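Novice: Shown below is the structure under consideration.
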Amino acid sequence: MIERKIITLFGSLRVAIITAMSLFGIFTVCAETPVAGAMWELKMLGVNNADKLAVLRNAPKQRRVSLGVVGQGGVSKEFLKNFQCNDNTITFHNCRSVVKSTHDTGQLNVIMALTSALKIGVDIHIWQPGKSLRKIAEDFREAGKICDVVCFYQSFWGEGAQKITQAIRDSSAALFISPYVESGGRPTSEPPQGSGCKPWEADSIDHLILAVPLAYRDLKHGILTPSERNSTDSEVINFIAPSYYASSSGGTCPAGAVTTACAVFLYGVMPVKPSPDNVVNILRSTSGIDRKLLLAGGMDNATVDILQKQIGALTNPIPGKQRKLDASGVLNLFESYHKAIVFEQ
């Protein structure tokens, strides 16, 4: 997560998310009406009326979806207990549920608020390795073998981080999702995120995607601009996700959670079980600028124009600059759904 302002991944946003979830009732998700945060996110994702919500809720669910979470801050089963809708399950792998609110717990609650509202059954798998980069890499490999989707909200820096990058690269059966990350002045090529999906580069990891928020609390600033000090800043944005809980355009972790929820939904409804590339291509091809949706979500015409200019500059950079954005717009889950249900391998 960035705050640029840059905030640490386990900093004050964790407290803000947990507090906001309590205030807005996010811990009671099985109601017919999604909670406030999930409702705003769904509307911005194109699910902007009761009929569209009913279409997604009532869509035939082809399979349960396995979701992995790999991190180091702990996950609390107790703070997820009200998310046991749709027969959801939680399995801890060589770790235990912690007894306090944590960053990863907060992000899981964002995911489950959306997937529960859409009636997708999710089997959650938790890995919380220690400090050993070798053990972290092993857990990423195991998650990639077990899960359809693996999300993580931590960045790993330095030469040893390549062990984790290689583990993700080798785990091509799973879709890995992370927020865009930075750490002070370090080159963004260092962490695994720096090798993430770039369709225009042959050696990128196609099954690792990164997200930034279109933040409800910071709509006037649009999206953040990734670092590009020189060629060692290789990290790019794949998707722009509407986020009710992001504290600013730089609060990237909740965007990773919303993107994860969208991917999980597609895995659950596609007639044939998709590959990571299938899901990414659908999300990419249906992203765009829907002015009516954005205006209804709290933007005005001037801020929509700013967002369009930002997207244009990042997808079609001036000579000498790197392309820093993959999908040329905001995620649209409703459009993705319609493309997904007619998908054939």
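Novice: I need the calculated FRET efficiency for the pair residue 96 and residue 308, taking r as the beta carbon distance and R₀ as 51 Å, to the nearest 0.05.
Specialist: Using R0 = 51 Å, I get an efficiency of 0.60.
Novice: Starting from 0 in steps of 5 Å, tell me what percent of the Cα-Cα pairs of the range 100-207 lands in each bin.
Specialist: The calculated distribution, bin by bin, is 2, 11, 20, 23, 21, 13, 7, 2, 0.
Novice: What helices in the chain pass both tests, a Cα length along the helix axis of 18 Å or more and a mean Kyte hydropathy of -0.5 or higher, using whole DSSP H runs?
Specialist: Correct list, ordered by number: 103-117, 253-269, 301-315.
Novice: Compute the semi-axes of the equivalent ellipsoid of the chain, taking the square root of 5 times each eigenvalue of the Cα gyration tensor, and list them largest first in whole Å.
Specialist: They are 25, 25, 20 Å, listed from largest to smallest.
Novice: May I pose another question? Want the number for residue 84 to residue 221: 0.36 nm per residue separation, take away the alpha-carbon distance, what's left?
Specialist: Gain on extension, residue 84 to residue 221, equals 45.7 nm.
Novice: Can I ask one more? Would you be so kind as to identify which of 268, 213, 149 lies farthest towards the positive end of the dipole of the range 12-339, taking Lys and Arg as +1 and Asp and Glu as -1 on Cβ and the Cα centre as origin?
Specialist: Positive-end residue among those listed: 268.
Novice: Name the most mobile residue of 90, 318, 223, meaning the one with the largest mean-square fluctuation, in a Gaussian network model of the chain with Cα contacts below 10 Å.
Specialist: 318
Novice: On full extension of the chain, what length is gained from residue 316 through residue 134, given 0.36 nm per residue of separation minus the C-alpha to C-alpha distance?
Specialist: Here the answer is 61.7 nm.
Novice: Related question: Can you compute the label reach from residue 232? Point 7 Å from Cα along the Cβ direction, backbone N cut-off under 12 Å, restricted to the range 166-191.
Specialist: Within reach of a label on residue 232: 185-191.
Novice: Same structure again: What dipole magnitude, in Debye to the nearest 20, does the range 12-339 give about its Cα centre under +1 on Lys/Arg Cβ and -1 on Asp/Glu Cβ?
Specialist: The dipole of the range 12-339 has a size of about 360 debye.
Novice: Next question, about the same structure. Just to confirm a number: summing +1 for Lys and Arg and -1 for Asp and Glu over residues other than residue 226 whose beta-carbon lies under 9 angstrom from that of residue 226, what do you get?
Specialist: Summing Lys/Arg as +1 and Asp/Glu as -1 gives -3.
Novice: Enter the Cα centre distance for the pair the range 71-105 and the range 154-226, rounded to the nearest angstrom.
Specialist: If we compute the Cα centre of each part, the gap is 24 Å.
Novice: Let me ask something else. Taking 7 Å along the Cα-to-C-beta vector as the label spot, tell me the residue 145-residue 295 distance in nanometres, rounded to one decimal.
Specialist: Using points 7 Å along Cα→Cβ, the separation is 5.4 nm.
Novice: Which one of 167, 124, 289 is farthest out on the positive end of the charge dipole of the chain, using unit charges on Cβ (Lys, Arg +1; Asp, Glu -1) and the Cα centre as origin?
Specialist: Sorting the options by dipole projection puts first 124.
Novice: Another question, then. In the chain, what percentage of the DSSP-assigned beta bridges are antiparallel, given to the nearest 5?
Specialist: Expressed as a percentage, antiparallel bridges in the chain total about 5.
Novice: One quarter of the convex hull surface, Cα atoms only: what value does that give for the range 170-226 in nm²?
Specialist: Spelled out: convex hull of the Cα atoms, projected over all directions, averaged, 5.1 nm².
Novice: Counting only GluC sites (Glu not before Pro) that are in a DSSP loop and have at most 15 other C-beta atoms within 10 Å, tell me the longest site-free stretch of the chain.
Specialist: 202-343
Novice: Cut-off is 10 Å between beta-carbons; in what order do 306, 111 appear when sorted fewest neighbours first?
Specialist: Lowest count first: 306, 111.
Novice: Could you sort the peptides 255-263, 45-53 by per-residue average Cβ neighbour count (10 Å cutoff), highest mean leading?
Specialist: 255-263, 45-53
Novice: Okay, next question. Out of 319, 192, 226, any idea which swings most in a Gaussian network model of the chain, alpha carbons joined below 10 Å?
Specialist: Residue with maximal mean-square fluctuation among 319, 192, 226: 319.
Novice: Looking only at the range 281-303, which residues have a backbone nitrogen under 11 Å from a spot 7 Å from the Cα of residue 343 in the C-beta direction?
Specialist: Taking a point 7 Å out along Cα→Cβ of residue 343, the residues of the range 281-303 whose backbone N falls under 11 Å are 281-285.
Novice: Same structure, new question: Non-local amide H neighbours of residue 237 (under 5 Å, H modeled in plane, Pro and chain starts lacking H): which ones?
Specialist: Long-range HN contacts for residue 237: 325, 326.
Novice: Right, next: Give the peptides 145-154, 279-288 in descending order of average Cβ contacts within 10 Å, highest first.
Specialist: Result, highest mean Cβ count within 10 Å first: 145-154, 279-288.
Novice: Then there is this: Give me the Kirkwood hydrodynamic radius of the range 218-311, using the inverse of the mean 1/r over all pairs of distinct Cα atoms, in Å to one decimal.
Specialist: For the range 218-311, the Kirkwood estimate is 15.0 Å.
Novice: Moving to a separate point now. So what's Rg/Rh here for the range 200-241, counting alpha carbon atoms and using the Kirkwood radius for Rh?
Specialist: 1.04
Novice: Let me ask something else about it. Which residue, 322, 101, 73, has the largest displacement toward the positive end of the dipole of the chain when charges sit on each Cβ (Lys, Arg +1; Asp, Glu -1)?
Specialist: 101
Novice: Could you state the orientation-averaged shadow area of the convex hull built on the Cα atoms of the range 185-263, in nm² to one decimal?
Specialist: 5.5
Novice: Taking only Cα atoms and a 10 Å spring cutoff, compute GNM fluctuations for the chain and point out the largest among 163, 321, 77.
Specialist: 321
Novice: Please give the calculated 222 nm ellipticity per residue for the chain, where each DSSP H segment of at least 4 residues contributes -39500 (n - 2.57) and the sum is spread over every residue; nearest 500 deg cm²/dmol?
Specialist: -11000 deg cm²/dmol
Read-outs throughout are calculated quantities, based only on the coordinates presented, and are distinct from any laboratory measurement. None of the values given here were measured: they were computed from a predicted structure. Virtual Cβ from ideal backbone geometry, glycine too; neighbours counted across all protein chains shown.
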